[in-house]
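Asks: One structure coming up, written as structure tokens, with questions to follow.
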Amino acid sequence: MQTPSTLSSALRCVFFDLSKVSGSIQLGNSLPTRVSSILGWIVSGKASYGTPTTPVIAELHQWMEKCWAIEENDTSPCSSVEEAACEGRFERTVRRNSEGRYIVRLPIKDDVIKQIGDNRRTAVHLFRMLEGRLGRNSELAQQYRDFIDEYLALGHMKQVFDYQSPPSPCYHMPYHAVVREDSTTTKLRVVFDASCKTPEGPSFNDALMVGPTVQQEIRSIIMRSRIRRVMIIADAKQMYRQVLVYERDTPLLRIVWTPSLDQPLGTYELLTVTYGTASAPFLATRVLL
């Protein structure tokens, strides 16, 4: 067993092993000394208790308070009025079909959705610009066709033939490609732009409630991952598209598309929660929860 004197000697040896002789700052009479170490700055020495009376001690006190605040877990409840309304609408309207798949209503702001007009002309114009880009890149065009074909094959989208008499409300989403050459799985991702303004002003995203954050904070997940020796993670394939949207809301998720220039432009409705809409993260994670 170590005696107090031998333990004290050992601690002094460790302290000087960590410290850098050239790095120390004396804060003043009867005040601590800052010593530079391989772990960062160490504060050591005497300090008075009570309210800080010098700028240096006050600054140190404020810095320590910030550190403690970071470590505190925010347990305050959600929610704004809009977030509470979004959660309430989800609980009242969520359903499951005969296959067990969830069906959700889009959390629409009724007062804003009335202001959205017909933006089909804008969507067609932006698609023609996209079409020109695809015409100059055959590989990108093929990836786009594969993406749309998969959407149709999986039942995540349907063609609309009576597009000349659109229901009210109705919204056509422009979309574009994001290519990631470094991706090992999906190099092309099609991003739908529900933030595109309509002629009357608001976009579709303006008319959607975002919803509260319902998943755990990443800090809590990381802390929980340290409890066990082994952690298993998984990727939910096409997570958003596993959740269906009520039929009466799908006219708000329309797009225009044609696979080639010699074919007429078609109108389609997306039938699942769609990446790029403001409410998609809430709806998908709320269903998962």
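Asks: Give the residues of region 163-180 that are in contact (Cβ under 8 Å) with a residue 24 or more places away in the chain and open to solvent by 70 Å² or more (accessible area, probe 1.4 Å), sorted by residue number.
Replies: Y163, H176
Asks: Test of understanding: among R96, R101, which residue is touching a residue at least 24 places away in the same chain (Cβ under 8 Å), touching a strand residue (DSSP E or B) at 6+ places or on another chain (Cβ under 9 Å) and of a type in the set (D, E, K, R)?
Replies: After ruling out the rest, the residue left standing is R101.
Asks: Moving on to the next point. Identify the residue in region 113-159 that is outside any helix (DSSP H, G or I) and hydrophobic (A, V, I, L, M, F, W, C) and, among all such residues, is most open to solvent (accessible area, probe 1.4 Å).
Replies: Among those that are outside any helix (DSSP H, G or I) and hydrophobic (A, V, I, L, M, F, W, C), it is L154.
Asks: How many of the residues in region 218-230 are of a type outside the set (V, I, T) and either open to solvent by less than 80 Å² (accessible area, probe 1.4 Å) or not in a loop (DSSP other than H, G, I, E, B) (or both)?
Replies: Residues flagged as of a type outside the set (V, I, T) and either open to solvent by less than 80 Å² (accessible area, probe 1.4 Å) or not in a loop (DSSP other than H, G, I, E, B) (or both) within region 218-230 amount to 5.
Asks: Looking at (1) assigned to a loop (DSSP other than H, G, I, E, B); (2) in contact with a His (Cβ under 7 Å, 6 or more places away or on another chain); (3) of a type in the set (V, I, T), find the lone condition where V191 falls short.
Replies: Just one mismatch for V191, condition (1).
Asks: Still on this structure, please answer the following. Taking region 80-107, which residues are closer than 16 Å to D249 by Cβ, open to solvent by less than 40 Å² (accessible area, probe 1.4 Å) and assigned to a helix (DSSP H, G or I)?
Replies: C86, F90, T93
Asks: Return the pair list, or none, for Cβ contacts closer than 7 Å from residues in region 203-228 that are at pLDDT 85 or above and among the small types (G, A, S) to residues that are open to solvent by less than 60 Å² (accessible area, probe 1.4 Å) and in a loop (DSSP other than H, G, I, E, B), at least 6 apart or on different chains.
Replies: Close Cβ pairs satisfying both conditions: S203/A194; S203/C196; A207/K109; A207/I116; G211/P107; G211/S279.
The values are calculated or read from the model by the stated rules, or taken from the named source; none is laboratory data. Values in this document were obtained by computation on a predicted structure and should not be read as measured data. No Cβ is skipped: glycine too gets one built from the backbone with ideal geometry, and neighbour counts run over all protein chains shown. Note: areas computed on protein heavy atoms with side chains; ligands, DNA, RNA excluded. Shrake-Rupley method; radii C 1.70, N 1.55, O 1.52, S 1.80 Å.
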